[in-house]
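Undergrad: This is the structure I want to talk about, given as structure tokens.
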Amino acid sequence: MTWVKICGITNLEDALTAVEAGADALGFVFYEKSPRNVDPEAAGEIAARLPVQLEKVGVFVNESFEHMESVARDVGLTAIQLHMEMPPLGEKQQEMKPTEKLKRYIVLPVRHFFDEEGRFDSFAMSAREDETDKWVSAFFLDSGTPEKVGGTGRTFDWQAAVPVAEVIQRAGFSLVVAGGLTPTNVAEAIRVLTPWGVDVSSGVELKPGKKDPEKVRAFVAAVRQAERVA
């Protein structure tokens with residue numbers, strides 16, 4: 001069954017709507033520049049009202065694992081999601097030695113993988129050599145930019161990204177697709193990229209930070225329908 005995450009939760013009403021619709025995970029954005037940014041205290045109050053089995057994911061941008069794990073403890077998160085820029089070829093990414101028992105999702109901007117031939121293959125190899133599989137639960141492919149790391153409302157070219165998705169999956173990692181997903185296009189994204197999960201934020205909103213209940217329900221229903229016809 002495809003894992004479904006509704007991201008950018010800022011209030012209890014939207015959180016409960018997503019739970020009722022059948023979401024597997026909710027995302028809380030802890031990035032001050034985001035219109036969906038939520039205070040950790042407020043997020044903790046929401047998280048305390050949610051089912052125990054629901055994944056509660058903290059979304060961060062270029063933060064240290066020490067900081068993310070501190071917020072996770074305060075809020076009651078079960079997972080952390082890190083948006084990060086890939087380093088130039090030949091340079092190592094930041095040292096990642098988390099200590100808390102949290103699921104960890106790493107978001108990779110798709111644009112990197114169309115710049116230089118073979119770039120992702122070399123990253124995947126170094127990830128394996130560094131035993132990345134021991135601490136990464138999944139890799140997200142997203143359409144973020146340096147100016148707007150998430151919630152762009154724009155899709156990327158799914159067909160062009162098939163080789164990238166295949167490299168992730170061949171390396172043994174779970175793949176999550178994000179960026180511009182909506183109730184009307186998520187089935188096609190699933191058909192083309194066959195991901196383990198999907199992540200939506202702006203595609204189910206009335207406005208930034210406020211969800212549209214009908215779109216949330218339609219999104220989850222579209223994912224489940226896509227599974228039935230696969």
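Undergrad: Which ³J(HN,Hα) values in Hz, rounded to whole numbers, follow from the phi angles of segment 12-20 under the Karplus curve 6.51 cos²θ - 1.76 cosθ + 1.60, where θ = phi - 60° and Gly and Pro get x?
TA: These are the phi-based 3J(HN,Hα) values: 5, 4, 5, 4, 5, 4, 5, 4, 4 Hz.
Undergrad: Also, I was wondering about something else. How large is ³J(HN,Hα) for each residue in segment 57-74, as worked out from phi by the Karplus curve 6.51 cos²θ - 1.76 cosθ + 1.60 (θ = phi - 60°), to whole Hz, x for Gly and Pro?
TA: 10, x, 9, 10, 10, 6, 9, 6, 5, 4, 5, 4, 5, 5, 5, 4, 5, 5
Undergrad: In percent, what relative contact order does segment 6-91 have, based on Cα pairs under 8 Å that are 6 or more apart in sequence? If you can, show how the numbers build up before the last one.
TA: Numbers: 129 pairs, mean separation 22.9, N = 86.
This gives 27 percent for segment 6-91.
Undergrad: Okay, moving on. Once amide H atoms are placed 1.01 Å from N in the peptide plane, what residues at a sequence separation of 5 or more from VAL61, or on another chain, have their amide H within under 5 Å of its amide H?
TA: The list, which skips near neighbours in sequence, is HIS83.
Undergrad: Please list 3J(HN,Hα) in residue order for segment 157-163, calculated via the Karplus relation 6.51 cos²θ - 1.76 cosθ + 1.60 where θ = phi - 60°; whole Hz, with x for glycine and proline.
TA: Along segment 157-163, the couplings run 6, 4, 5, 5, 8, 4, x Hz.
Undergrad: Expected output is a single nm value to one decimal: the length gained when fully extending between LYS101 and TRP135, i.e. 0.36 nm times separation in residues minus the C-alpha distance. What is it?
TA: On the way: separation 34, 0.36 × 34 = 12.24 nm, distance 0.93 nm.
11.3 nm is the gain from fully extending LYS101 to TRP135.
All of the numbers you see were taken from the coordinates with simple rules; none came from a lab. This structure is a prediction, so every number in the text was calculated from the model and none was measured.
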